Amino acid sequence: MPNNEATTFIIDTAQLLPFSLRLIVGNGEKGEVIPLTHLCCSLRHIEICIYDVQELKPLRLQLSGEAEPVLFVWNKVYEGRKEGQEGTYELSRKQPAALLYEHGKTDYAYPWRCGLYHFEVQVGEETYYGAFRITPKNFQDEGLSLIQQTVEKVMGSLIMDRGHYKKTFSTFADLEDHPCMEAIRALSKQASRILRLYAEVLRGEAREVIYERGRQYRKQSPYTLRKNMKLEAREAQLHYNRYYQDTSVRLRYIQQETRSFLYELLQLVRFLGNTIEKIEHMQESSKAEKQAVQSILQTIERNGSVTDRDKQKYRNILPLKDTDVKKAAVKLREYKVMQSILQGFRQRMESLYRQREPGEELQLAPPASLRPQEREYVRLLKSGEPNAGQTSKPTFLLVHKPTFLLYEYYMYFAVIEAMQELGFRAAPSVAEQIQTHFYLDGLQDGTTIVLVKGDIQLRIAFNELIETHPLIALSKGSNFYNGEDTKKPDIRLDCYRCTEGGEVYQSSVIIEVKYSPMYNIFQPVGNTKATEQMYKYWSIKHVREQDGRRQFHRRAIYEVICVYPGSQMHPRRIDTGCGIFLQFYPYLTKQGQEQVVGKRELQRIMREWLALED
């Protein structure tokens, strides 16, 4: 244990380095100082060198003591694919401090997720390791754990960010970073080489011919029935049956790896097919939106009653829609070429595999006697698997999605569960409906779950875009518009009454999810960004077409609710001019039972809205 403040203790060797590193979390003199007093040479001891850092706060690094220049590599595991000097800082007596993060100065988006990461300290040729844990700012650790568990039950591995920075939105840029897309691109380039090596490996391994004495009867038919009965009666032995058996351990191991690779290849082909279908859908949707905007522009361009500001708004929207259509078309062509390559590659691999298909499935270890071309073949198979190119790292350093996004997912599933407790049922089940909306690394914007109770149908939409004009809304089939700028409420509940003529729209409730403390989203005097946003939600309107006529519902919003993680200084529910502020978060009781603050209040609002009996 080091006694000198200007030293750092190395756990593996009990060595003292002649300098100390400190993390400063927060701004100015109020910042929390975290000394990095312990490091290690091996990742086996990294769990002893973990330091807690609260998220969303400025972060600085300071060096003190007499030392040669120290290279500090921060967040190396999380940065994954990024190389070069990103996240690398050189500290010395002349430059003893470095700014790791401050909103607006280094980045506008917080670059870490709640969880564990490792960092490196390089002194000369030596490298030492430590770890830091990003802890939630607006939850207790147990609250975040409960939220993660709830989301993971529904979304499984999609709760993880897979080691890619900002891997949270369904855009083309994120699609390029997806592990499956990386594997597809790698295989498209290596397909011919893999096939050539596989054919060489199969030709190089001989097969042993096995003879087995046994009966052989003629093919059963009305004409051979009597002859076969005679042969069977005298137990005739006609000749030896002959078959081939691969006795080479090397070949059986190669076939085992090939079988595993073919399964992964099938998953990649299916993934690419699903992705192409979704891009085609996005392309058609973008074309419809572009056509709707063009129609509006043609209508208002020479109309002197329409303001110049409104005309300019649609002129600005049109090139954006056109760009979306072109980008989708380019990606579609590229992915269809890769799909053709992968399908042909898979068919050829399966054809070669069936020529020497092993009779039994064994789990063999890699033989020591593998030939060079066999080793190269196995290496290429491994490099084509998803996540193969990522840096090897301890399992406890996995990274979750951003806390604000996990809270949004949690609230969406919690609202569905709250409505089910009020007697609403889903057909098909919620799990089946949710599965259709998984997209690459999360939920699609516009994910909608339908619940029914009696003649009431609820449609619960996640992050669906509210259009600017009724024509655009009708072209997309979303039906909602606000006449101003586009909006995306986090959660929208739409109530329909089921009649003989179909579902008739009644009204909606908006739930805005804010992962922020109360003082950031509400002030008694003056508006915050959150309250301005809530005021604008009241202008959302509904339109539908029936029998060739448009029907408008211009007072569509029944209530606007803003949920947030909680506050010790405020009531659980606050009614204001812009809507209701409601604390909503899970916690564990002293008995270890999970409870949810705010669920009863939310259900009370829903009962009043839908006129449900207690």
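The values are calculated or read from the model by the stated rules, or taken from the named source; none is laboratory data. Predicted, not measured: the structure shown is a model, and the values here were computed from it. Quick reminder, even Gly has a Cβ in these numbers, built from the backbone with ideal geometry, and neighbours come from all protein chains shown. Accessible surface areas use protein heavy atoms only, side chains included; no ligands, DNA or RNA. Shrake-Rupley method; radii C 1.70, N 1.55, O 1.52, S 1.80 Å.
Sum up the charges of everything whose Cβ sits under 14 Å from the Cβ of ALA556, counting Lys and Arg as +1 and Asp and Glu as -1, but leave ALA556 out.
Value of the local net charge: +4.
Segment 494-569: which GluC sites (Glu not before Pro) are DSSP loop and have at most 10 other beta-carbon atoms within 10 angstrom?
GLU500
What list of ³J(HN,Hα) values in whole Hz, one per residue of segment 568-574 in order, does the Karplus curve 6.51 cos²θ - 1.76 cosθ + 1.60 (θ = phi - 60°) give from phi, with Gly and Pro shown as x?
Computed from phi, the couplings for segment 568-574 are 6, 9, 10, x, 5, 10, 10 Hz.
So what J values fall out for segment 47-56 if you push phi through Karplus, 6.51 cos²θ - 1.76 cosθ + 1.60 with θ = phi - 60°, rounded to Hz, Gly and Pro as x?
5, 7, 10, 9, 10, 8, 10, 6, 5, 6
Would you mind checking which residues have amide H under 5 Å from LEU36's amide H? H placed 1.01 Å from N; only 5 or more apart, or other chain.
For LEU36, whose amide H was placed from the backbone, the distant partners under 5 Å are LEU21, ARG22, LEU23.
How many angstrom lie between the C-alpha centres of segment 290-324 and segment 572-600?
Centre-to-centre distance over Cα atoms comes out at 44 Å.
With 31 Å as the limit, write out which pairs from LYS336/LYS541; LYS189/LYS487; LYS57/LYS94 have Cα-Cα distances beyond it, or answer none.
As for pairs spanning more than 31 Å Cα to Cα, those are LYS336/LYS541; LYS189/LYS487.
Can you tell me the dipole magnitude for segment 553-614 around its Cα centre, using point charges on the Cβ only (Lys, Arg +1; Asp, Glu -1), in Debye to the nearest 20?
100 debye
Please label the shape of segment 1-67 as rounded, prolate or oblate, based on the square roots a ≥ b ≥ c of the eigenvalues of the alpha-carbon gyration tensor (a/c under 1.5 means rounded; beyond that, a/b larger than b/c means prolate, else oblate).
It is oblate, given that a/c is not under 1.5 and a/b is not larger than b/c.
For THR8, THR307, what's the largest-to-smallest order of accessible area, 1.4 Å probe?
Result, largest first: THR307, THR8.
Go through ARG113, ARG600 and list them by solvent-accessible area, largest first, probe radius 1.4 Å.
Final ranking, largest accessible area leading: ARG600, ARG113.
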